[in-house]
């Protein structure tokens, strides 16, 4: 099984994303069952944010993890830019912890850059870590320039991860950001590792190259796409699934070993970038 290390903790390289979960009351039971199925299957990382459904996703996660030992779960949430100040972040974190029904986060991410100075945000994150309310902190939607700026701060090298959009058809970060993070041993958390689906214009699930590799591994296109993302070094993928069966199917990607021939087939269909591209954000 592929693993990744974040803040000295070895974790399965596949986690549970919760974007757009918790919004539909009729789907809550199925969504809770999905999260629990993932945990029962050995997954540990759950990724959420105060922004997701204005806290409804965090509430859903809080309900889902109730029966489980907290130390067996690696819980990630995120603070909005407007709450990333010394004045507001502690209040924001307290609200997130209440919704999640826990007294600490394993990883707290600055969701994206706003008007608060990076130095103030990092200093506040450091304070919260010292207080034990978060075990580690990181960033999200940061590009190469943002990461280099962060690295120059006195506490910037304490960043535990960066979460960005990354999948087979959205490979822009491979040009400079991903190599830089690998050089500095900063893990990447890949959101939307399956793209945004056919309705949003994604072609990956029907691509002949993806289907060819899937057939060779007796796997689904989804499993191959996830296996490709976590085949990259130091990358954790956090697909969302509102169905327990889909989540269990996704988890099988942890055991798929793509060959060099597989990678060449996929590379030909979706080449890596040859120049810097704007950071992709959903």
message: Are there helices (runs of 4 or more DSSP H) fully within segment 193-282 with at least 3 residues that are free of Cβ contacts under 8 Å to residues at least 40 places away in the same chain? List them.
response: 208-216, 221-231, 260-269
task: All but one of (1) touching a residue at least 60 places away in the same chain (Cβ under 8 Å); (2) over 17 Å from the mean Cα position of the chain (by Cα) hold for residue 90, so report the exception by its number.
output: (1)
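Conditions (1) buried (at least 21 other Cβ atoms within 10 Å of the Cβ); (2) touching a helix residue (DSSP H, G or I) at 6+ places or on another chain (Cβ under 8 Å); (3) at positive phi; (4) at pLDDT 95 or above, marked per residue:
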{"position": "204", "(1), (2), (3), (4)": "yes, yes, no, no"}
{"position": "209", "(1), (2), (3), (4)": "no, yes, no, yes"}
{"position": "215", "(1), (2), (3), (4)": "no, no, no, yes"}
{"position": "226", "(1), (2), (3), (4)": "yes, yes, no, yes"}
{"position": "233", "(1), (2), (3), (4)": "no, yes, no, no"}
{"position": "236", "(1), (2), (3), (4)": "yes, yes, no, yes"}
{"position": "281", "(1), (2), (3), (4)": "no, no, no, no"}
query: Hey, among the residues in segment 101-141 that are touching a residue at least 60 places away in the same chain (Cβ under 8 Å) and touching a helix residue (DSSP H, G or I) at 6+ places or on another chain (Cβ under 8 Å), which one's nearest to residue 57 (Cα to Cα)?
result: 111
task: Could you tell me whether any residue of segment 55-69 is touching a strand residue (DSSP E or B) at 6+ places or on another chain (Cβ under 9 Å), in contact (Cβ under 8 Å) with a residue 40 or more places away in the chain and closer than 15 Å to residue 250 by Cβ?
output: no
query: Restricting attention to segment 66-73, does a residue exist that is crowded, with 16+ Cβ neighbours inside 10 Å, modelled with pLDDT of 95 or more and not in a loop (DSSP other than H, G, I, E, B)?
result: no
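The values are calculated or read from the model by the stated rules, or taken from the named source; none is laboratory data. Here the structure is a predicted model, which is why all the values come from computation and not from measurement. Note that each Cβ is placed from the backbone with ideal geometry, even for glycine, and that neighbours are counted across all protein chains shown.
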